[in-house]
Amino acid sequence: MLEFCDVSFQYEVEDFDIIDRLSFHIAPGEFVSLIGPSGCGKSTVFRLVNQLLPRKGGDIKVGGQSIDGRRGYCGYMPQRDLLFPWRTVADNLRLPMEIQGGVAGEEMETRVRQTLEVVGLGGWGDKKPSELSGGMRQRAAFARTLLTGSDLLLLDEPFSALDFLTRIAMQEWLLQQWQNDHKTVLFITHDVEEAIFLSGRVLVVERTPIRALHSFAVPAAYPRTRECLTRPDMLALREQLISLLRREVGA
């Protein structure tokens, strides 16, 4: 579903490639988390996939085709929900379809209503974002991402600003949504436990410049409950990832 082929990128203010001939791939339907120290370039990977940044070299493919000149091949949910405060929740969800065009008004209303039901916000479409809790706003933002119609979803620390209990609830909710719709998800987080609870694989930034990603398979099968985090093999993976991140920070 997503493939990096010898991709390089350099910021104008740097004298080196922060991403240097990086190659990795994600299969259709996978839930993969990307972790690494702050400032290591994780979000840069997302911006390259979105074409928000121009790569210096290499190729990025989605669905086997280069992303060059394409639109609508991925949905992106940033850390903040970025809902427009002057729009209702339903109007915010209409935005991807308005931008893409080609969707009749009646069909748009049907998709919005159905998606609000899917994310547990049925009946909240006429509310403004300010009337929703933090968790509800994130669900609305996720619903808007779903309405891009893309099979590849990029989720950039979507729960980091939530309180502990709301964050746990949102993790469980997201996992259920993924198991229902089988989208391909690339998820950035700083939380190792969050990564191993949600993911089938965890990719770890080796170092900056990013030349390779360590790939770790998560041993727990789906469906999951939080009890799986107490399994010895899951605890061992957690400690292994934390130890690796500590070494990288120390480097």
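At-a-glance table
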| item | result |
| --- | --- |
| For the range 88-138, alpha-carbon Rg relative to the globular expectation (2.2 N^0.38 Å, N residues) | 1.12 |
| Note, ³J(HN,Hα) from phi for the range 167-172, Karplus 6.51, -1.76, 1.60, rounded to Hz, x at Gly and Pro | 5, 4, 4, 5, 4, 5 |
| Reference-scaled alpha-carbon Rg (2.2 N^0.38 Å with N residues) for the range 104-170 | 1.17 |
| Solvent-free Debye scattering, log10 I(q)/I(0), computed from the Cα coordinates of the chain at q = 0.09, 0.12, 0.17 Å⁻¹ | -0.41, -0.73, -1.36 |
| Computed accessible area, THR189, all protein chains, 1.4 angstrom probe, square angstrom | 0 Å² |
| Accessible-area order (highest first, 1.4 angstrom probe) of the listed residues TRP124, TRP173 | TRP124, TRP173 |
| Whole-percent carbon and sulfur share, accessible surface of the range 1-99, 1.4 Å | 50 percent |
| Alpha-carbon Debye profile of the range 107-236, log10 I(q)/I(0) at 0.13 Å⁻¹ | -0.62 |
| Alpha-carbon centroid distance for the pair the range 1-65 / the range 103-181, whole angstrom | 26 Å |
| Residue-normalised accessible area of the range 46-176, expressed per residue, 1.4 Å probe, Å² | 49 Å² |
| LYS127 - accessible surface, heavy atoms, 1.4 Å probe, Å² rounded to 10 | 80 Å² |
| Anchor LYS56: lysines whose Cα lies under 27 Å away (excluding residues fewer than 8 positions away in-chain) | LYS42 |
| Sum of side-chain charges, LYS128 neighbourhood, beta-carbon under 11 Å (Lys, Arg +1; Asp, Glu -1) | 0 |
| Contour minus Cα-Cα distance for HIS190 and GLU106 (0.36 nm per residue) | 26.2 nm |
| Pair TYR11, ASN50: separation of 7 Å Cα→Cβ label points (nm) | 1.6 nm |
| Residue of PHE187, PHE197, PHE164 that the Gaussian network model of the chain assigns the largest fluctuation, springs spanning Cα pairs under 10 Å | PHE164 |
| Rounded tilt (10° steps) of 89-100 against the dominant C-alpha axis of the chain | 70 degrees |
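The values are calculated or read from the model by the stated rules, or taken from the named source; none is laboratory data. From a predicted model like this one, the values you see are computed outputs, not experimental measurements. FYI the Cβ positions are ideal-geometry reconstructions off the backbone, even for glycines, and counts take in every protein chain you see. Quick note on the areas: whole protein, heavy atoms, side chains included, nothing else; ligands and nucleic acids left out. Shrake-Rupley method; radii C 1.70, N 1.55, O 1.52, S 1.80 Å.
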